[in-house]
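Down below is the structure, laid out as structure tokens.
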Amino acid sequence: MLGRPARVVVVGMTGVGKSTLAERLAARLDAAFVELDALFWDPDWTAAAPEVFRGRVAAATAGAAWVVAGNYSAVRDLVWPRATAIVWLDYRLSLALRRLTARTVRRAVTREVLWNGNVEYLWQHGKVWSDDSLFHWLFRTYWRYRSEFPALFAEPAHAHLQVIRLRSPRETEAWLGGVDPSRG
């Protein structure tokens with residue numbers, strides 16, 4: 001059960017649906033939705049300066065109730081101590097790869113405008129060997145996150161967090177359906 005006010009962080013591998021779940025959960029809990037990518041990326045895919053990013057995150061999470069989507073370790077010390085729960089989308093690599101592929105193709109074909117006017121290009125992500133490719137990022141971080149997250153959750157500084165580990169979309173939907181915003 002999520003406490004009130006809910007301050008939740010949704011983490012997981014790239015492309016698994018962190019932002020989608022966080023936005024849905026925020027709406028259900030009547031909480032602010034905070035997408036770390038939107039605070040990190042400036043126009044032309046320029047990363048925000050560290051102090052600017054941290055300031056944006058601090059301001060976005062200053063309220064009583066929020067749901068944050070993202071894994072940025074650079075702001076973990078700002079977000080996790082105030083959070084009440086972590087939702088970890090711990091999906092299989094094959095599912096993450098399928099979802100990332102579908103999302104990347106959809107965004108490229110529709111020219112979906114993301115944060116601060118940025119648009120993803122299929123050729124950019126198709127170069128799997130490139131640091132600019134989300135597929136490269138997925139392969140670089142998948143196993144690291146699977147070992148890093150449990151270790152982080154076990155740290156005494158994070159003992160206050162309710163950790164919800166979801167291993168499939170079906171399990172995620174069932175959990176979300178059971179979130180009762182009137183309880184807690």
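The values are calculated or read from the model by the stated rules, or taken from the named source; none is laboratory data. This one's a predicted model, so the numbers in the text were calculated from it and none came from an experiment. All Cβ positions, even for glycine, are placed from backbone atoms using ideal geometry, and neighbour counts span all protein chains on display.
Among residues of the stretch 84-100 being over 14 Å from the mean Cα position of the chain (by Cα) and hydrophobic (A, V, I, L, M, F, W, C), the one that is nearest to Leu176 (Cα to Cα) is Leu95.
Out of all the residues in the stretch 42-54, is one or more modelled with pLDDT of 95 or more, within 14 Å of the chain's Cα centre (by Cα) and not basic (Lys, Arg)? No, the conditions are met nowhere in the stretch 42-54. Evaluation of Thr46 against the conditions (1) touching a residue at least 12 places away in the same chain (Cβ under 8 Å); (2) surrounded by fewer than 17 Cβ atoms within 10 Å (Cβ to Cβ); (3) of a type outside the set (A, V, I, L, M, F, W, C) shows that the sole unmet condition is (1). Among the residues making up the stretch 1-38, a single one is out of contact with any strand residue (DSSP E or B) (no Cβ under 8 Å at 6 or more places or on another chain) and without any contact (Cβ under 8 Å) to a residue 40 or more places away in the chain: Thr20.
Would it be correct to say that Trp66 is closer than 22 Å to Glu155 by Cα, modelled with pLDDT of 95 or more and of a type outside the set (Asp, Glu)? No, not satisfied. Take Ala69 and decide whether it is within 13 Å of the chain's Cα centre (by Cα), surrounded by 19 or more Cβ atoms within 10 Å (Cβ to Cβ) and small (Gly, Ala, Ser). The answer is yes for Ala69. Every condition in (1) closer than 23 Å to Ala174 by Cα; (2) at pLDDT 95 or above; (3) surrounded by fewer than 17 Cβ atoms within 10 Å (Cβ to Cβ) holds for Arg24 except the one numbered (3).
Can we say Phe135 is at pLDDT 75 or above, of a type in the set (A, V, I, L, M, F, W, C) and under 16 Å from Leu97 (Cα atoms)? Write out each step before concluding.
Working: at pLDDT 75 or above: yes; of a type in the set (A, V, I, L, M, F, W, C): yes; under 16 Å from Leu97 (Cα atoms): yes.
Here the answer is yes, as Phe135 does meet what is asked.
Counting only strands (runs of 3 or more DSSP E) that sit wholly inside the stretch 1-103, those with at least 3 residues that are within 21 Å of Arg165 (Cβ to Cβ) are 7-12, 66-69, 85-89. Checking each residue in the stretch 153-174 for being in contact (Cβ under 8 Å) with a residue 12 or more places away in the chain and either more than 12 Å from Trp88 (Cβ to Cβ) or outside any loop (DSSP other than H, G, I, E, B) (or both) picks out Phe153, Ala157, His158, His160, Gln162, Val163, Ile164, Arg165, Leu166, Ser168, Pro169, Thr172.
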